[in-house]
Structures are given as structure tokens and as C-alpha cells.
Amino acid sequence: MPSSGRAGLPVRPSEMTGREDSRYQLAPRAKLPLPRLAEMKRNGERIVMVTAYDAPGARFAEDAGVDVVLVGDTAAMVVLGHEGTTVPVTMEEMLFLTRTVARAARRPVVIGDMPFGSYQVSDEAAVENAIRFVKEAGADAVKLEGAGPSLSRVRAIVAAGIPVMGHVGLTPQSATMLGGFKTQGKTAPAAAQLVEDALALEQAGCFAVVLEAVPSPVAAEITRRLSVPTIGIGAGPDCNGQVLVYHDLLGLSEGHLPRFVKRYANLSREIRDALDAYTHDVRTGAFPEEQHTYEMPAEELEEFEKTIRNPSASRASDQATKRSSSPTKT
């Protein structure tokens, strides 16, 4: 039976040798119930959300105790190589990525981000694609952007029994209409509209609302008015939770980053250094060393060398062995 750490949770081997650090404590395996997020808002507990796009990322998020994993359409930029837009990512690509994350993230709520074109056409198409996220990819919920026309989509998807997370403020799928990747709600009328949009999403049935690139006072007012949690990304400290893109917070993204990103590591530099060292070692013959190779028993090596020197004798020997080992026919 595995050892137990604080609060009876299983611990990593490093803890069993005296390492006392809650960061290395394994998260519980039971799925976090969706109503627990609303309870966290009522209790003043902060909700942690991060994006992930593959099984390793999902496992890291789980081990860190993350509450919600969003398989974001940001995959278009950080995984699939599209520059400056999330629009090109397809349903099939999003289903594939969500499926890999859902396999590995056992406790966090896994949310599939509905890509551009998957819900804009009609309520019926939105429901069909949301069902695919749940049935084919194993998502616990879906997220879609905007209010207005999206409200009927939310109502239809929720009526089909699928939880929906809303998203207002900077909505990357419609960034062109918004004038680019810019802060939203900076004027009084625009801020008031964001409040109304968020309230409308809650009324339509959303269990949470993402607020992106929204002035902090506006986000605070929305958070105060909603009974469902708000998840901020560039929306200040008063939201009920925060989300960042996996590649941004780990320093895997390069070039200009939004102001709201905080880097917790610089893995791109470490990866480049590691690949440079590997390239050098291969080209100079420093890798592989003896410790990276496999041996064989001396008698087998001797027999192998005999076989190579006299292959015909070896074939005759093999045939004789096969005849002697064949069962006698009746």
C-alpha cells in the first residue's frame, strides 16, 4: 500500500525520503465535481486554470493540483504554428488534442474550446459539435466565445446536458472585428456592455465566464454581480480564478507576449541549450558513451561472430536443429 502524505494523499518517492514540499504531492484522482467551482467562489477559494494540449501537460497540471484544464484553441498558435490567430484550428484537431488531455487529466475539469466555425452557424451545429467534444474526446465541458448570437448556442448546448463556460472581453476568434488583440471595455459604454454580456451568459446557463483583457475595475464588478465564477486572464486580481496559456507561463513561447503573462520558467532557453549540446555530442562522437549501450553474453557474441564468418555452416546447423526438434509424424 502506498505511503500517505498530508491529508492522506499519496506522495511522490521524493517525499518518502524526507522531502517536505506540497508541490510534489499528488493530486487526488477523483474528478473534481463541476458544482465545486461555484462552491469555491462562495468560499472565497481561488480557482486555478491552465491550458494544456497533450498528455504530459495534463499530467503536470494534475500533479500541481490545477482545478481546470482548458484545451484552448490557442493550440493554433502555440502548437500548430499559425501566427497571430486562433481561427485556423479545426474541430478534428481540437478533438484530437482534447482526447489526449482527457486521458491524462483525471481530477481537473477538462474543457474543450470550441473552435471558430464549430458553433457560429446554428444552434443545431453547435450542439452536434459540443456532443463530439464530450462523446469522442472525453471533455467534461465546452467553452465558446462571446454573447449576443452565442447566447442561443449556450442555451441549446446546456439543454443537451453539456456544461458551457462563457468568454467575454477580448475574444480571439473575433479579434479582427474588435480591432486586434486589444483591451476591451475601456470606455464606460463598452464596460457596461461587458457586464450585461456576462450576466446574459450566466442567465443562458454558463457555469463560469472567462474575462480576457478587461480593465480590473470592470472585471471586479462583473465578478461581484455574477453568482457563477469568473476566470480572469488579464482581468485583474478580483476574479474568482486565473488562467494562463501553458507555453506562456513556462517560457516556451518566444517573441512578444501580452502584458498579463507572468513567466514562471524559461524552458525555451533550456531546450535550446539541451539540443545544442546533443547536436555537438553526436557530431563529435561524445554520445553515445558506454553507459548508453547494451552488451550481450560473451558466448553469444562468439557464436554470432562465427555465424557472420561462415553463414552457410550456420544455416546447415539451424536446419539440423529444426529437424531434430520436429515432432515425429504418425
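At 1.4 Å probe size, with the rest of the protein present, what percent of the exposed accessible area of region 188-323 is carbon and sulfur atoms?
54
Measuring between their Cα centroids, region 228-297 and region 204-223 lie 30 Å from each other. On a per residue basis, region 209-292 carries 58 Å² of accessible surface, using protein heavy atoms and a 1.4 Å probe. Ordering TYR246, TYR278 by accessible surface, largest first, gives TYR278, TYR246; the 1.4 Å probe counts only protein heavy atoms, with every chain in place.
Distance check, please: which entries in LYS41/LYS143; LYS182/LYS262; LYS31/LYS143; LYS41/LYS186 exceed 21 angstrom between their Cα atoms? Exceeds cut-off: LYS41/LYS186.
The fraction of Cα-Cα pairs per 10 angstrom bin, counted from 0 for region 99-230, comes to 13, 43, 34, 10, 0 percent, rounded to whole percents.
The values are calculated or read from the model by the stated rules, or taken from the named source; none is laboratory data. Only a predicted model underlies this, so the values are computations on that prediction, with no experimental measurement involved. Ligands, DNA and RNA are excluded from the accessible area calculation, which covers all protein heavy atoms including side chains. Shrake-Rupley method; radii C 1.70, N 1.55, O 1.52, S 1.80 Å.
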